[in-house]
Structure formats: C-alpha cells, structure tokens
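**Q** Below: one structure in structure tokens.
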Amino acid sequence: MTTTDDRPAPGRVEGLRDELDGMFFLPGEPGYDEHRRAWNLRARHEPAAVVRAGTAEDVRRTVRWAAAAGLGVGVMATGHGTGAAVDASGILINTSALRRVSADPGRRMARVEAGAIWQDVIDAAAPHGLAGLAGSMTGVGVVGYTLGGGFGWLGRRYGLAAHSVTGAEIVTAGGDLLRTDAGRDPDLFWAIRGGTGNLGIVTALEFALHPVREVYAGNLYYPLDRARDVLEFAAEWSRGVPDELTAAITFRRFPPAPAVPQGLRGRSLVAMRGCHCGDLGQARALIDHARAALGPAEVDTFAVMPAAGLAAVSLDPVDPLPALSHSELLADLTPEAIEAVLGLTGADSPLVMFELRQLGGALIGPAEALSPLAHTSARFSLNAIGVTPGAPQEATVRAHLARVAAELGPHVTGESYLNFLDLDGATPDRIRAAYTAADLDRLQRVKAGHDPDNVFRFNRNVQPPIER
Ligand SMILES: Cc1cc2nc3c(=O)[nH]c(=O)nc-3n(C[C@H](O)[C@H](O)[C@H](O)COP(=O)(O)OP(=O)(O)OC[C@H]3O[C@@H](n4cnc5c(N)ncnc54)[C@H](O)[C@@H]3O)c2cc1C
C-alpha cells in the first residue's frame, strides 16, 4: 500500500508497536511530539514513527523491522547534535529511557547504555576519584558525543573520548546485536571510535576512566575592550604550556537569567579560560603568569575544584533552545587571525558564544586510530553560536556566521571537527573534511560492509562508496 506523499502508510510501520518493550508513536499520536523533540529546537525530526526504546532488544527489533519495510533509522538520545533530521522515510529511535551506567573503579572502566548523559557518568565515577572525558556540558549524551570524537577540559592530556572506548554493543543494519572490541571485529571497532552513528545503533559503550579527582580551572573574565590583549597573550602563552592544561578564549554574551552567576549576568565579556589536570603548583604558576601579564580580571574564577564540577567553567546553556552554529579549525592565532577575530566579536556581534579552544597534545590521536578531528595540527577549534528564537534573529545570526566563515577563511586549515557540525552546517564536504583521506577511505569501506544501503543516514553521514 502506498500514499500520495512519501510517508509510509501507518499500516507499514504500525505492526512494530506490539513487539516492543518500550513505546511506539505515529504522527499525530500523543507522545509523538514529545519524543521526537530535540534539545536544539531548530532540529525537526519528522519520522514515520518514533520508538522510545525500553530495552536494547527494542533497538534490534526496530532496525530489523525498518529494514524489512525499506525504511531508514535515526537515533536521538538528547538532541544536542542533529546532523540530519529524520524524515518520513525513517524511524526515529529515542534512547532516553536507556540510562543505566556502572563504574568499575578497580579496572577504571565505565559501561553506559545508549541514552546516558555525562552527568550520569560523573555521578558514578567521581566518588572513586575517576573521570570520563566529558565535554563542556553534562547534559550531552555520552554515546553521541563519544562516537563523534568528544573533547573537553581534559582533552589535551587524555585525548578524544572516542579513543578511550574499549568495547561496544551495536545493532548493525542487518538487525544483529554484536559485541565489538579490539579483538572482535577490529575493523568495526576502529570505525565506531569516530565514525559517529554511521555503523549502527550503539546500545552500550565501555570506556576507560581516568584518575582525575581535582583540577585547577576557571575563567579570567575581562571587558570586551581587553579582547586584543587577551588574544595576543593567549596566542603566545598557549604555545608553551604542558598538555595537562587545556585553554580557551571565549567571547560570551550572558543572558540576564537568574541561573547565570552575578557579575556575569546580562554582560558581554571575553574570558581566558582553562583547566589544568596535573600538578596543582604548576597549574597555579601558569595562571599566575596570565594574571600578571593581563592584570586583574573583572571576575577571576580560577580555583582548585573537583573535576566533577567542570561544567561551571563553561557555563553552557542547559535548557533547550534554537541555535545555529559555525565551526572551523584555525591553523594558528597569527596577528592577522587576531585582527579577523576582533572584527567578528565586538559589542555588536549577535552571537552568544565565540569560542577558540586550544587543540594539540593528545587530541591529535594515535596515527592508527580513526580521528573525526582529522589528526589535525590546527592550534585552535572555533565554535561560533547564535540563538534564533524568530526569523529576524535567524537572519542576523546567519549573516554573521557567513561573515565568520568568510573572514576567517584565510586562517583555517579547511579541516573540520565532526561533533561541531550541526544541521545545515553538517554538509557532505564538511563531514568529509573531519577525516584524513586515508581514514575516510577506510571508514567508507567499513560502512559499505556493514550498511551498504545507508540505513543509518540520519546523522553526520558518511556514505558507502559508490561502486563503479
Ligand atoms: C551545549 C552543547 C555543548 C557541547 N559541548 C561539546 C564539547 O565540549 N565537546 C564535544 O566534542 N562536543 C560538544 N558538543 C557536541 C556534541 O558532542 C554532539 O553534538 C553530539 O553528537 C551530541 O550527542 P547527543 O547524543 O547528546 O545528541 P543527539 O542529537 O541525541 O545525537 C547526535 C548524534 O549522535 C549519534 N548517536 C547518538 N546516540 C547514538 C547511538 N546510541 N548509536 C549510534 N549513534 C548515536 C547519532 O548520529 C545522532 O544523530 C556540544 C553540543 C552542545 C549542544
């Protein structure tokens, strides 16, 4: 039976409902909107059906069932990173009910289910003095973040989260639930550690935890008219710092919201921020050097703090919002690049965040591992973000992000970072640029072996190679 549009008739998808431990929703049914809604409100999933998986077995049943019906499959844990929204030719699996997390302090390992968020890992690991390689915001999904690379405040010391993965359970396009690790299907294991959702739906992930209980971290916030000093200082100083330190220069426009600490609320500021996860004496000396060079900050939050509290350094927004972003990898902060950054980050910028994160160290990754950060030698990543509650703001933000791309063009490497590509920023060219040519070639071959029909296409999609 077919319909006049390309949406499969309910009868083609409805039979799955009775096979599930979890829930099933067709368009228009109560629960459909709630379970397709993404954290980034710009992402609009319009699937033929939504499955709220109640078990890993539900994931397997859905993939088998979708494949038999000629449908694709997309997955959402939190909706923080939609590469491509699911349309009527696909089923969306919502994994948010699968949040079991366990930590094994003896082996320094964690196991998470598909819907776990970073706060769940922190809660399980921090009491043992252990940390996972979370990013700036603890509401982000562990699996989506990790499969796309994943770097945060411990990154230059411990590398991409993907490279701490030791094993995964995954439902492939054939509808099989497999276990993969270094000894079992090593090609698939290589590919999921950076290949994002392209190889299948991961139902559980195992990864190493790291012995980090306390860090020295925070922000030196300055008024925007000190931006040149901050950029010039950070460009040179960051060259000589040890890998235990990950630094960033961040332009923030804080909303006048009660959740924002007083002193920052409603203000536009530039920050030299960072986290040192090694010797605390060395850490203090490094930041004291910055304090001496830049003079007293308006707000200085650097302090010894639990690694579990690192989200307070970034102060990312927690509640869902509609956002557009543009990201780049900057070869270096040369004087010319600094001029370009200053021209884009003045008081008239409509962006809520423009962040240059220091790269290098262990983030380059082992040569033999897949890198969704292209094994880059770029010194900084850029993530520029605007909030778009309505059409006028969207037009302004889009125009500014286009300027960011054009004016930084001479200073970027042309590579990209997979996890920072979202929605219309996740173009095929930008996705390919997240990999070296050799990595991409191998990834496409593994994709062809496991998902030749691109069932898993609603993501930052790497297509199987076209057979000639
Ligand atoms: C506020 C904010 C802060 C961020 N901070 C950082 C940061 O510090 N460092 C960093 O590296 N990234 C960061 N990101 C980017 C984030 O890591 C990616 O967008 C990531 O894809 C989000 O994963 P999710 O599961 O939360 O999102 P979702 O939108 O639910 O999923 C995104 C994608 O992940 C894949 N995926 C999710 N679950 C599975 C699964 N079970 N099996 C297979 N594939 C799956 C799919 O391709 C899916 O489309 C941030 C994003 C936001 C919005």
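The values are calculated or read from the model by the stated rules, or taken from the named source; none is laboratory data. What you see is a predicted model, and the numbers here were worked out from it, not measured in a lab. Backbone-built Cβ (ideal geometry, glycine too); neighbour counts: all protein chains shown. For the accessible areas, the whole protein counts, side chains as well, though only heavy atoms, and no ligand, DNA or RNA atoms are used. Shrake-Rupley method; radii C 1.70, N 1.55, O 1.52, S 1.80 Å.
**Q** Just give me the residues in the stretch 36-59 being in contact (Cβ under 8 Å) with a residue 60 or more places away in the chain, buried (at least 19 other Cβ atoms within 10 Å of the Cβ) and assigned to a helix (DSSP H, G or I), in sequence order.
**A** Ala56, Val59 - these are the residues of the stretch 36-59 that are in contact (Cβ under 8 Å) with a residue 60 or more places away in the chain, buried (at least 19 other Cβ atoms within 10 Å of the Cβ) and assigned to a helix (DSSP H, G or I).
**Q** Ok, one more. Which number in (1) open to solvent by less than 60 Å² (accessible area, probe 1.4 Å); (2) part of a loop (DSSP other than H, G, I, E, B) marks the one condition that Pro296 misses?
**A** Status for Pro296: all satisfied but (1).
**Q** In the stretch 73-130, which residues are within 21 Å of Arg42 (Cβ to Cβ), among the small types (Gly, Ala, Ser) and within 13 Å of the ligand (Cβ to nearest atom)?
**A** Gly74, Ala77, Gly79, Gly81, Gly83, Ala84, Ala85, Gly90, Ser96
**Q** Count, please, the residues in the stretch 225-260 that happen to be outside any helix (DSSP H, G or I) and not hydrophobic (A, V, I, L, M, F, W, C).
**A** Kept after step one, since they are outside any helix (DSSP H, G or I), are these residues of the stretch 225-260: 241-260.
Among the residues that remain, those that are also not hydrophobic (A, V, I, L, M, F, W, C) are: 242-244, 246, 250, 252-253, 255-256, 258.
Qualifying residue count for the region: 10.
**Q** Note down all Cβ pairs under 6 Å where the first residue falls in the stretch 439-468 and is modelled with pLDDT under 95, the second is part of a loop (DSSP other than H, G, I, E, B), and they're at least six residues apart or on different chains.
**A** Every condition considered, the pairs that remain are Gln463/Asn454; Pro464/Pro452.
**Q** Those residues that are part of a strand (DSSP E or B) and either over 20 Å from Phe354 (Cβ atoms) or aliphatic (A, V, I, L, M) (or both), I need them from the stretch 261-275; list them, please.
**A** Filtering the stretch 261-275 down to residues part of a strand (DSSP E or B) leaves 268-275.
Residues satisfying the conditions are Leu269, Val270, Ala271, Met272.
**Q** Across the stretch 263-307, what is the number of residues that are among the aliphatic types (A, V, I, L, M) and free of Cβ contacts under 8 Å to residues at least 24 places away in the same chain? Even if it seems obvious, please write down each step before you answer.
**A** Of the residues in the stretch 263-307, the ones among the aliphatic types (A, V, I, L, M) are 264, 269-272, 280, 283, 285-287, 290, 292-294, 297, 299, 303-305, 307.
Checking which are free of Cβ contacts under 8 Å to residues at least 24 places away in the same chain leaves us with 285, 292.
Counting residues in the stretch 263-307 that are among the aliphatic types (A, V, I, L, M) and free of Cβ contacts under 8 Å to residues at least 24 places away in the same chain gives 2.
**Q** Regarding Leu310, is this residue out of contact with any Cys (no Cβ under 6 Å at 6 or more places or on another chain) and either loosely packed, with under 15 Cβ neighbours inside 10 Å or under 15 Å from Leu220 (Cβ atoms) (or both)?
**A** Judged against the criteria, Leu310 is not a match.
**Q** For the condition at pLDDT 95 or above and either under 19 Å from the mean Cα position of the chain (by Cα) or not basic (Lys, Arg) (or both), what is the one hit in Gly346, Gly263?
**A** Gly346
**Q** Report yes if some residue within the stretch 143-155 is more than 14 Å from the ligand (Cβ to nearest atom) and either modelled with pLDDT of 95 or more or in contact with a strand residue (DSSP E or B) (Cβ under 7 Å, 6 or more places away or on another chain) (or both); otherwise report no.
**A** no
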